[in-house]
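One structure below.
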Amino acid sequence: MNKDKIAVITYDHPHRKTQDVVFGLKAKGYQDVKLYALPFVKRENPFKPIYSHRPSDCHDIYPEQLAANFNYQFQKVEVTDLFEIFNESKPDAILIAGAGILPAELVLNHKLINSHPAYLPEVRGLDALKWAIFNDKPIGVTSHFVNEQADAGFMIDRKLVPIYDNDTFHSLAYRQYRLEIDMLLQAIELIKEKSEFPALEEKGEVYRRMPKSKEKELLNNFENYRNKFSTK
């Protein structure tokens, strides 16, 4: 049984990454876990990519029920509540499983752990895997303490995703996603073992969603990328 007190920031809505993180915490024996659910705002015209690269299918279970099923705690919150909540509860680790922009006061005064699907600081922002392929950047995952800048802060760990000769775009995307979950969970122990967390350079463009005009070229780009960078 692991006695660390873990806080998980998520959305008040069924969410694949949150479910995978909670499953992982339970599997690793964490007992003192609390989910803090931020309001979920459904977009009227959600962006629909040509090629989806992140798993979105999930169990139709809201985080409150998910927490109850695992004997974890749960609280609905506003993002402005979190600063005082963490001041009082003093969790050993705060994991971001789902959140939008977080207030500077919060991220500068509490060590919030994110796992970003890119080899930072090479690709910051959205659709990181797609932009890495498009621009011949390394594909990886970085766990880090966040700051007020997008995908910056202080590095906990950083790993490359292996690329194989028989990979498809989607097999590589899923391998990266699994590493993203694993590294978020591994960060809980790493922050106790490490004494230095180097600052991540805030360089380059912070990417937005890849426009469909570029996304149409993605699979051709992937074939070239795989042939150039495959390791096995």
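Couple of notes before you dig in:
- Residue match in the range 129-142 (condition: of a type outside the set (Phe, Trp, Tyr) and more than 25 Å from Lys214 (Cβ to Cβ)): no
- For the range 182-232, the tally of residues that are surrounded by 10 or more Cβ atoms within 10 Å (Cβ to Cβ), among the charged types (D, E, K, R) and within 30 Å of Phe47 (Cβ to Cβ) stands at 14.
- Residues that are closer than 22 Å to Pro121 by Cβ, assigned to a loop (DSSP other than H, G, I, E, B) and not acidic (Asp, Glu), drawn from the range 196-232: Phe197, Pro198, Lys203, Gly204, Arg208, Arg209, Met210
- Considering the conditions (1) under 20 Å from Phe222 (Cβ atoms); (2) open to solvent by 20 Å² or more (accessible area, probe 1.4 Å); (3) not acidic (Asp, Glu), Gln176 is excluded by exactly one of them, (2).
- Cross-chain or 6+ apart pairs with Cβ under 9 Å, the range 97-117 first and free of Cβ contacts under 8 Å to residues at least 24 places away in the same chain, then open to solvent by 10 Å² or more (accessible area, probe 1.4 Å) and part of a loop (DSSP other than H, G, I, E, B): Ile101/Ala150
- Close pairs (6 angstrom Cβ cut-off, 6 or more residues apart or separate chains): open to solvent by 80 Å² or more (accessible area, probe 1.4 Å) and at pLDDT below 95 in the range 23-51, of a type in the set (D, E, K, R) and not in a strand (DSSP E or B) anywhere: Phe40/Asp12; Phe47/Arg209
- Here Glu148 meets the list (1) at pLDDT below 95; (2) open to solvent by less than 50 Å² (accessible area, probe 1.4 Å) almost entirely, failing just condition (2).
- Pick from the range 101-115, criterion touching a helix residue (DSSP H, G or I) at 6+ places or on another chain (Cβ under 8 Å) and in a loop (DSSP other than H, G, I, E, B), ranking: nearest to Glu84 (Cα to Cα): His110
The values are calculated or read from the model by the stated rules, or taken from the named source; none is laboratory data. Computed from a predicted model, the values in this text were never measured in an experiment. All Cβ positions, glycine included, derive from the backbone under ideal geometry; neighbour counts span all protein chains shown. Please note that ligands, DNA and RNA were not included when accessible areas were found on the heavy atoms of the full protein model with its side chains. Shrake-Rupley method; radii C 1.70, N 1.55, O 1.52, S 1.80 Å.
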